[in-house]
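The values are calculated or read from the model by the stated rules, or taken from the named source; none is laboratory data. Owing to the predicted nature of the structure, the values given are computational and were not obtained by experimental measurement. Note: ideal-geometry Cβ built from the backbone for every residue, glycine included; neighbour counts use all protein chains shown. Remember, those area values only see protein heavy atoms, side chains included, never the ligands or the DNA or RNA. Shrake-Rupley method; radii C 1.70, N 1.55, O 1.52, S 1.80 Å.
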Amino acid sequence: MLAFCRRFLPLLVFSLTAACCSGGWRPSLDPGNAVDSSATVVVGDVAYALKVACYELGEDLTAVGVGTDSVTGKALKGWIHGPAGPYVGLIFGDDEYIYEADANVPLTITRDGDGLVSDAVSFVRDIDLGTANGSAVGTGSLQVQCSSKRAGEPPTRSSR
């Protein structure tokens with residue numbers, strides 16, 4: 001049960017808050033002032049570059065950042081966490097759609113010095129929260145390189 005909770009809790013929190021918040025509190029995917037790190041998330045044959053802020057808690061790293069979708073030119077927000085409770089999610093445009101790692105496929109994100117890497121990520125969109133099924137969008141990878149790290153958890157909520 002604990003493994004299930006670790007695997008699905010970030011997915012559920014990220015999806016629900018990104019898709020359902022209409023007022024009050026919203027997830028903070030603004031990396032703040034310490035944007036001196038970078039991440040690249042590849043989905044299929046498209047690479048998404050993000051400027052991120054990194055947060056460290058024990059052996060875990062979380063990268064929170066923003067970028068631009070090279071295909072549509074729209075804003076892009078990202079959240080990458082690992083190695084414990086690995087998660088990767090990208091929000092496109094103004095919460096128009098989300099790419100996430102497929103919850104039905106094992107995801108391993110490895111700590112690599114001051115960064116995170118994963119070589120085989122199955123990405124989906126339009127996840128059904130009841131079944132965890134989504135529409136496949138491609139297999140890809142991710143790489144995060146943290147130039148600096150803040151201690152603790154990243155801010156997950158901010159007032160609007």
Sequence order, region 57-73: Karplus ³J(HN,Hα) from phi using 6.51 cos²θ - 1.76 cosθ + 1.60, θ = phi - 60°, Hz rounded, Gly and Pro as x, gives 9, x, 8, 7, 10, 10, 10, 10, x, 9, x, 10, 5, 5, 7, 9, x
In order over region 102-110: 3J(HN,Hα) from phi, Karplus 6.51/-1.76/1.60, θ = phi - 60°, whole Hz, x for each Gly or Pro, gives 4, 5, 8, 10, x, 10, 10, 10, 9
Lys and Arg at +1, Asp and Glu at -1: neighbours of Gly44 with Cβ under 15 Å from its Cβ sum to -4
The percentage of the accessible area of region 48-156 (probe 1.4 Å, all protein chains present) made up of carbon and sulfur atoms, to the nearest whole number, is 48 percent
Between Asn133 and residues 5 or more places away or on another chain, the pairs with built amide H atoms under 5 Å apart involve Asp128
Listed by chain and number, the aspartates and glutamates with an alpha carbon less than 17 angstrom from that of Lys77, same-chain partners under 8 positions apart left out, are Asp30, Asp36, Asp69, Asp94, Asp95, Glu96, Glu100, Asp126
The answer for Leu107, listing residues at least 5 apart or on another chain whose modeled amide H is closer than 5 Å to its amide H, is none
For region 33-155 the translational diffusion coefficient, Stokes-Einstein from a Kirkwood Rh over Cα pairs at 20 °C and viscosity 1.002 mPa s, in µm²/s, is roughly 149 µm²/s
Once both label points are put 7 Å beyond Cα along the C-beta direction, the Asp119-Ala136 separation in nm becomes 2.1 nm
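So which GluC sites (Glu not before Pro) in region 35-120 pass both tests, a DSSP loop state and at most 13 other Cβ atoms within 10 Å of the Cβ? Don't skip to the answer; put the middle values down first.
Working: sites: Glu56, Glu59, Glu96, Glu100; in loops: Glu59, Glu96.
For GluC sites (Glu not before Pro) across region 35-120 that sit outside H, G, I, E and B with at most 13 neighbouring Cβ atoms in 10 Å, the list reads Glu59, Glu96.
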Taking a label point 7 Å from the Cα of Ala151 along Cα-to-Cβ, the residues of region 55-81 whose backbone nitrogen sits under 13 Å from it are 56-58
